[in-house]
Amino acid sequence: MPLVKVFARVGMTKPIPLASLQSKLCAIWSTKPETTKLILSRVEDWTSDSFEEDCYIDIRAYGKAERTREFVLDGMTQVQKAFAEENLVANVRLETYEGERYFHVPPPKTSTK
């Protein structure tokens, strides 16, 4: 799961421990921290009164053959539980993409001498 966007309302006072959540998501999806990026965005508001979520989680992931619908849905439930362990109610969505349509240019590594 390379990209996890976490949206929370500006006024929400509960902490969102990204490092702890990243570790849990890496365990759920069998990924490494280098490929599992969490980004927190604080928003003024959102339009739905349907759910009482603290966070809206938008995951974009590579669509591998072993990531069947059942596997992904189970993983999404585990993601909700990981957020619940941090006292957060999460509304989770996940979208997969094809590898040939993915491009990434990271910044060059700098040496720390």
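Output the residues belonging to the range 40-77 that are aliphatic (A, V, I, L, M) and closer than 15 Å to Leu94 by Cα.
Correct list: Ile57, Ile59, Ala61, Val72, Leu73, Met76.
Take the range 4-35 and flag every residue that is open to solvent by less than 50 Å² (accessible area, probe 1.4 Å), under 14 Å from Ala61 (Cα atoms) and either of a type outside the set (Ser, Thr, Tyr) or in contact with a Ser or Thr (Cβ under 9 Å, 6 or more places away or on another chain) (or both).
Listed by number, the residues that qualify are Val4, Leu25, Cys26, Ile28, Trp29.
Which of the residues belonging to the range 70-103 are in a helix (DSSP H, G or I), of a type outside the set (A, V, I, L, M) and free of Cβ contacts under 8 Å to residues at least 24 places away in the same chain? Spell out how you get there, then give the answer.
Going through the range 70-103, the residues in a helix (DSSP H, G or I) turn out to be 70-84, 99-101.
Narrowing the set further to residues that are of a type outside the set (A, V, I, L, M) leaves 70-71, 74-75, 77-78, 80-81, 83, 99-101.
Of everything in the range 70-103, those that are in a helix (DSSP H, G or I), of a type outside the set (A, V, I, L, M) and free of Cβ contacts under 8 Å to residues at least 24 places away in the same chain turn out to be Glu70, Phe71, Asp74, Thr77, Gln80, Lys81, Glu100, Arg101.
Within the range 25-33, identify whether any single residue is within 20 Å of Pro106 (Cβ to Cβ) and in contact with a Cys (Cβ under 8 Å, 6 or more places away or on another chain), and answer yes or no.
yes
Search the range 72-113 for residues being surrounded by 10 or more Cβ atoms within 10 Å (Cβ to Cβ) and among the acidic types (Asp, Glu), and hand back the single one that is nearest to Trp29 (Cα to Cα).
So the residue we want is Asp74.
Can you report the number of residues in the range 36-55 which are open to solvent by 90 Å² or more (accessible area, probe 1.4 Å), touching a strand residue (DSSP E or B) at 6+ places or on another chain (Cβ under 7 Å), not acidic (Asp, Glu) and not in a strand (DSSP E or B)?
Of the residues in the range 36-55, 1 are open to solvent by 90 Å² or more (accessible area, probe 1.4 Å), touching a strand residue (DSSP E or B) at 6+ places or on another chain (Cβ under 7 Å), not acidic (Asp, Glu) and not in a strand (DSSP E or B).
The values are calculated or read from the model by the stated rules, or taken from the named source; none is laboratory data. No experiment lies behind these values; they were computed from the predicted model shown. With ideal geometry, Cβ positions are generated from the backbone for all residues, glycine too; neighbour counts draw on all protein chains shown. Ligands, DNA and RNA are excluded from the accessible area calculation, which covers all protein heavy atoms including side chains. Shrake-Rupley method; radii C 1.70, N 1.55, O 1.52, S 1.80 Å.
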